[in-house]
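The values are calculated or read from the model by the stated rules, or taken from the named source; none is laboratory data. As the structure is a computational prediction, the values presented were derived from the model and not from experiment. Quick reminder, even Gly has a Cβ in these numbers, built from the backbone with ideal geometry, and neighbours come from all protein chains shown. We work out accessible area using only protein heavy atoms, side chains counted, and drop any ligands, DNA or RNA first. Shrake-Rupley method; radii C 1.70, N 1.55, O 1.52, S 1.80 Å.
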Amino acid sequence: MSRHSFAIMKPIIKAEGLGKKYYLGARETVAPTVREAIKQTIAHHAGWRRTLPIVWALDRISFEVYPGEVIGLIGHNGAGKSTLLRILARITRPTVGQADLFGRAGSLLGVGTGFHPDLTGRENIFLNGAILGMNRHEIVRKFDEIVAFAEVEDFLDTPAKRYSSGMYLRLGFAIAAHLEPEILLLDEVLTIADAPFQKKCLQKIREASRAGTTVLFVSHKLTSIEQLCDRVLHIQSGRILEEGKPAAVVGGYLNQIATEANGKDA
Amino acid sequence: MSASISENDQVIVNRSDAAIRQLPPVPVIRIRPSRFWENIDFAELWHHREVLYFLIWRDLKVRYKQTIIGAAWVIVQPILITAVFAVFLGRLIKVPSDGIPYPVFAYSALLLWTFISNSILSSSYSLVVNSQIITRVYFPRIMIPAAAIGVRLVDLMIASAVLIAMIIYYRVPLGWQALMFPIFIIHIGVLAMAIGILAAAFNVHYRDVGTMLPILLQAWMFASPVVYASSLVPARMRSWYALNPLMGIVEGSRAALFNLPFDWTSVAISAAVTLGLLLLAVHLFAQMENGFADNV
């Protein structure tokens, strides 16, 4: 069984000092009215903002990902995994640092993004496919495959609002799975799927990786992480705490959880 | 039961060298913090052009499914408004309409007015309505308000059929000048885009915009020669009046349809104001779009 030595290759993702800062309690949400906005702006210029607590959701991290690698991101809720994916997917900008991607990224950060409840399954495949970055010809070409993967053949002309949550999820994942981007960003999307479909999805991710797709994968399902990934990053408080072979990093993470639990008991 | 892969189909990572694509020498995507002055990335707009089409298609499709008379609403709205103004302003107050039958006179402008006011309103809330998409997937955000305006442009095309019917009914003689009418449609489309994307961007940060807009729009309508002819405006105020970019468009399109002399000065002023607004709007939008996902 030959494994690539990724280190001698040129990275497809190169992040340097990537950081995202949020001010707690200030303008992190929308100002509901002009009055609030004026108050906040005054507060900001008067220097109140400097005294507000700062949170580095992502604390200036650097890393490289090599073509075809499957990277797992693990860590507690709020550790910064999703923030990292959101920055790489260009949904939000970093506060500091930079990242260069040497390929197009496709992301699945939520299932069925842009699905319209009044549109049929067929219509939603086209809409969602276009939103995720496919062009019409690609969608037409992969249409049957998507439908078969999602197992919604009989419901193609039913409005999505009558879909069960399982069907909704299957269709959403099926479309994203047929994107074929160079970089695939997946955020904890499979947790709600049933066991057989999860297995099918993991299989699909593996196939994509074998075909050369680079995958970044957030999951709390440590077994999938261990089986699927070439390398795992354990993220805590916005920093990379540990990085390396899946078994070692997942083991370290489990130990940490155990220690934390003991600490609470004591 | 867990969905983990069982022992016997253990993952074998064995990629062929050929499967790993050649990387381009320069990054395809550069991710950087936002700068003070953002430029518009036309290559990105082109790359994602199909999103625009599908967003317009979605809105038209959904409207058709949710309403009983579907597309007919697009015609009903300007016709009803025209009827109201024709009775009160045309019949009772006898507002001058440059010798053109008042209903055609009013409808020709109300058609354009309905387009621009609906465009601005629907694009103003477009980003907020599509927040789920904005927080989960990337494409140039300008596509969202642009699609809202695209839908209204389709409406305008449909409502134009009624204008043609009225022109025939009232036996309005058309001249070669009528060929200028589509140019004014493009002009008003650009103006709608400029104001629409500004309203959309500001509405993400300050929801007051959405509340204020209907009032501002109403005022704007009466400040434009929609239901009256601009000859009603005193001569000494005309140069100020022409700063309203809608004035050149409405008067210009009327001149085109009804064989009246063009007031090229007001058309030129309107074009300049529209272009200025568009440049400002596009740059402000590019600046503000970085914060949409965090604020919407």
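Laid out as a table, the results:
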quantity: Label-point separation in nm, B:Arg238 to A:Ala195, each point 7 Å along Cα→Cβ; calculated: 8.4
quantity: Size of segment B:70-295 as Cα extents on the principal axes (Å, biggest first); calculated: 55, 42, 33
quantity: Estimated D of the protein assembly as shown in µm² per second, where Rh is the Kirkwood radius over Cα pairs and Stokes-Einstein applies at 37 °C, 0.692 mPa s; calculated: 123
quantity: Hull volume in cubic angstrom per residue (convex hull over the Cα atoms of segment B:98-205); calculated: 104
quantity: Two-decimal Rg to Rh for segment B:175-296 - Kirkwood Rh, Cα set; calculated: 1.04
quantity: Chains B and A, summed buried accessible surface - 1.4 Å probe, Å², nearest 100; calculated: 6300
quantity: Theoretical FRET efficiency, 1/(1+(r/R0)^6), r = Cβ-Cβ of B:Trp37 and B:Ile186, R0 22 Å, to 0.05; calculated: 0.20
quantity: When the convex hull of its Cα atoms is projected in every direction, mean area for segment A:120-224 (nm²); calculated: 6.5
quantity: For B:Met166, solvent-accessible area (1.4 Å; no DNA, RNA or ligand), Å²; calculated: 30
quantity: Efficiency of FRET from Cβ geometry, A:Arg104 and A:Leu24, R₀ 35 Å, rounded to 0.05; calculated: 0.50
quantity: Under 28 Å from the Cα of A:Lys10 - lysines, other chains or at least 8 residues apart; calculated: A:Lys20, A:Lys81, A:Lys204, A:Lys245
quantity: Within 10 Å of each Cβ in A:60-70, the average number of Cβ atoms from other chains; calculated: 2
quantity: Filtered trypsin sites (Lys or Arg not before Pro), segment B:60-109: DSSP coil and at most 11 other beta carbons within 10 Å; calculated: B:Lys94
quantity: Solvent accessible area, Å² - B:Arg207, 1.4 Å probe, full protein context; calculated: 80
quantity: Model label zone, B:Ala272; criterion: amide N under 17 Å from point 7 Å along Cα-to-beta-carbon; scope segment B:236-256; calculated: B:238-249
quantity: Helical contribution to [θ] at 222 nm, DSSP H n ≥ 4, -39,500 (n - 2.57), averaged over chain A, rounded to 500; calculated: -12500 deg cm²/dmol
quantity: Helical contribution to [θ] at 222 nm, DSSP H n ≥ 4, -39,500 (n - 2.57), averaged over chain B, rounded to 500; calculated: -20500 deg cm²/dmol
quantity: Listed peptides B:44-56, A:219-231 by packing density, highest first (mean Cβ within 10 Å); calculated: A:219-231, B:44-56
quantity: Heavy-atom accessible surface of segment B:70-295: percent carbon and sulfur, 1.4 Å; calculated: 75
quantity: Considering only the protein assembly as shown, percent of DSSP beta bridges that pair antiparallel, nearest 5; calculated: 55
quantity: Whole-percent pair-distance distribution, where bins are 5 Å wide, for the alpha carbons of chain A; calculated: 1, 5, 11, 14, 15, 14, 12, 11, 8, 5, 2, 0, 0, 0
quantity: Carbon + sulfur, % of accessible area of segment A:113-235 - ligands and nucleic acids excluded, 1.4 Å; calculated: 51
quantity: Average beta-carbon neighbours from other chains, 10 Å sphere, peptide B:286-295; calculated: 3
quantity: Alpha-carbon Rg/Rh ratio, for segment B:36-86, with Rh computed the Kirkwood way; calculated: 1.27
quantity: Value of Rg/Rh across segment A:168-266 [Cα atoms, Kirkwood radius]; calculated: 1.02
quantity: Heavy-atom accessible area order for B:Phe202, B:Phe292, largest first, 1.4 Å probe; calculated: B:Phe202, B:Phe292
quantity: Heavy-atom accessible area per residue - chain B, 1.4 Å, Å²; calculated: 49
quantity: Full-extension gain in nm, B:Val87 to B:His47, via 0.36 nm per residue minus C-alpha separation; calculated: 9.4 nm
